[in-house]
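The values are calculated or read from the model by the stated rules, or taken from the named source; none is laboratory data. Since we're looking at a predicted model, the values are computed, not measured. Counting neighbours? That spans all protein chains shown, and the Cβs are built from the backbone with ideal geometry, glycine included. SASA here: full protein model, heavy atoms, side chains in, ligands and nucleic acids out. Shrake-Rupley method; radii C 1.70, N 1.55, O 1.52, S 1.80 Å.
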Amino acid sequence: MGLTILILVFVVGLVIGLPVAVTLGVSSLSYLLVMGIPPVVMPQKMYAGMDVFVLLSIPGFILAGNLMNRGGITERIIRFANSLVGWIRGGLGLTNVGASMLFGGITGTAVADAASIGGVMIPGMKKAGYPADFSAAVTAASSTVGPIIPPSVPMIIVGALSGISVGKMFLAGAIPGILMGVAMMVTTYLIARKKNFPKQDWQGVGEIGKSFAGAFWALAMTGIILYGLLSGIATPTETAIVASVYAMVIGLFIYRELPFMEIPRIVVDSAVSATGILLLVGFANVFGWILVSEQIPQAIAAAVLSMTDNKFLVILIINILLLLVGMFMETIAALIILFVPLLALAVAVDIEPLHFATFAVLNLMIGLTTPPLGVCLFVCAGIARLPLTPVVIAILPFLFTNIIVLLLVSYVPAISTWLPSVLMP
């Protein structure tokens, strides 16, 4: 009875449009009340889920990204990307993807990428003659690269859940993230040639040098983050704080576009964003604890293994399940609820944990651009001032491309495991 109520309330909450965090909280509380479990268990389990040291890095990375964004990073990164690929047919679309690859390596979140890059690129692409639906679609699709290329908030969550080194997780996402970006660039170019999208004049090597010099300090943040983790001189949490201080110094004294008086507001906004993520973590931990107590993970593993213990078929089943879940559930909630039981299933058929973690995160990132609840779709459609349907149609080629990359990463473990094995043996 309790499990039925849990699932029913959860589904109804999603259908009527409640935030995922609220839906998880209400459904979990309903279960506790129906089963006669003291409600005090809820705050206890929430706190247990949030009381993980590595999760403290999330507010730091969010603050660093906001400081850099307000300090002029977006325009500089777009200018640098445009100097490299803007002269090719569909150049602004290629610039959009390239900027997301560079910008995502700083914020670590897809929604921040979609809002920041989209706020500049979508109006600019429309003005240059690109269709609004394509402009929104390429922005939404490319924003999913951000949480794959390090740093990555979802990968921090995975590290906290599984004990896998966050540094190794970051490195594991580097090559898949680059593959995603290159694949989307190819897709963009093919669409641009077919529809004869505009291109810009070649701006010369001098412009590449100038734009790189302008973006250098912003791009260097990713290097600082990775150096801190790979050298072992700092934990992810300490690295995030160093990145925040670095971002403030660059914005104030190098770029000089970060008003000192705005820093308190940026800190508050970052705290609100981080609070929303950690609240989601807390509620999802309660929901996950209920599923474990009802032995749902064991039931999932047993059901799959009763059908097959073939590693390749299990990978396919896991991917299909996560793609379906990603259509309806927020990434962090899905990770907290499903990652541990699916990891146990993966290990049972000899899938390396780091490999599994990488394609699981990549899978759920794709979910951010799939209807009906793809958050990045809504963000970009709103910026483009379009209904959702034309954006969904326009993003289908990019979804197809990203799924091909997902299959490559899923079935070729070295794509995700080679770099960590070399740099962090």
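Per this entry, Gly25 is not counted among residues that are modelled with pLDDT under 85, out of contact with any strand residue (DSSP E or B) (no Cβ under 6 Å at 6 or more places or on another chain) and not hydrophobic (A, V, I, L, M, F, W, C).
Residues are listed down the side, and each one gets a yes or a no for (1) hydrophobic (A, V, I, L, M, F, W, C); (2) without any contact (Cβ under 8 Å) to a residue 60 or more places away in the chain; (3) touching a Ser or Thr at 6+ places or on another chain (Cβ under 7 Å); (4) within 23 Å of Val52 (Cβ to Cβ):
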| residue | (1), (2), (3), (4) |
| --- | --- |
| Gln203 | no, no, yes, no |
| Phe212 | yes, no, no, no |
| Phe216 | yes, yes, no, no |
| Gly228 | no, yes, yes, yes |
| Ile233 | yes, yes, no, yes |
| Ala240 | yes, no, yes, yes |
| Ala247 | yes, no, no, no |
| Ile250 | yes, no, no, no |
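The helices (runs of 4 or more DSSP H) found wholly in the range 263-358 and carrying at least 2 residues that are of a type outside the set (Lys, Arg), without any contact (Cβ under 8 Å) to a residue 12 or more places away in the chain and under 22 Å from Thr369 (Cβ atoms) occupy 311-328. Among the residues of the range 116-160, none is identified as basic (Lys, Arg) and in contact with a Lys or Arg (Cβ under 8 Å, 6 or more places away or on another chain). When Glu207 is tested against (1) part of a helix (DSSP H, G or I); (2) over 30 Å from Val422 (Cβ atoms); (3) open to solvent by less than 20 Å² (accessible area, probe 1.4 Å), only condition (3) is not met. Residues in the range 51-84 that are hydroxyl-bearing (Ser, Thr, Tyr) and within 29 Å of Lys210 (Cβ to Cβ) were compared, and the one that is modelled with the highest pLDDT is Ser83. Just one of the listed residues (Ile404, Ile395) is open to solvent by 10 Å² or more (accessible area, probe 1.4 Å), in a helix (DSSP H, G or I) and at pLDDT 90 or above, and it is Ile404.
With respect to (1) buried (at least 20 other Cβ atoms within 10 Å of the Cβ); (2) modelled with pLDDT of 80 or more; (3) closer than 18 Å to Leu102 by Cβ, the lone exception for Pro147 is condition (2).
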